[in-house]
1. Inspect the stretch 46-63 for any residue being at pLDDT 90 or above and touching a Leu at 6+ places or on another chain (Cβ under 9 Å) and give the result as yes or no.
2. Report, by residue number, each residue of the stretch 56-89 that is over 13 Å from Phe45 (Cβ atoms) and of a type in the set (Ser, Thr, Tyr).
3. Do you know which residues across the stretch 44-58 are surrounded by 10 or more Cβ atoms within 10 Å (Cβ to Cβ) and either outside any helix (DSSP H, G or I) or more than 18 Å from the chain's Cα centre (by Cα) (or both)?
4. Looking at Val67, Val76, Val61, which is the one that is exposed (fewer than 14 other Cβ atoms within 10 Å of the Cβ) and in a helix (DSSP H, G or I)?
5. Restricting attention to the stretch 35-51, report how many residues are more than 14 Å from Lys63 (Cα to Cα), of a type in the set (Gly, Ala, Ser) and touching a helix residue (DSSP H, G or I) at 6+ places or on another chain (Cβ under 7 Å).
6. So which residues in the stretch 33-54 are β-branched (Val, Ile, Thr) and touching a residue at least 12 places away in the same chain (Cβ under 8 Å)?
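The values are calculated or read from the model by the stated rules, or taken from the named source; none is laboratory data. Because the structure is a prediction, the values reported are computed rather than measured. All Cβ positions, glycine included, derive from the backbone under ideal geometry; neighbour counts span all protein chains shown.
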Amino acid sequence: MVFFFLNLLTFGLWSKLGRLTHYAFDAVLFSAFLAGMKRSTGLTFKTDKVAGDNKEVSKWVDKYLGVGEWVMDQSVAIAGSSGWFERTR
């Protein structure tokens, strides 16, 4: 009963916030996947296909891909300092 009133008062804000968090996490995960592809194969995402001539969109896509690079760097640093992983190369 309390949850109903809380949900009524916030207009389902917690549900929307959870969904937004989930989508943001998925977007960062996909960006990290693209960064991993770039590092392991050399294949890079063509930002001009998405942005065209729009420099502002190109800047945002580059920032988005930069988040994936940062997540990859942090993940490699954490995995490298843990005892659960070893370098084979």
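1. no
2. Within the stretch 56-89, Ser75, Ser81, Ser82, Thr88 meet the criteria.
3. Listed by number, the residues that qualify are Thr44, Phe45, Asp48, Ala51, Gly52, Asn54.
4. Val76
5. Residues meeting the conditions: 1.
6. Thr47
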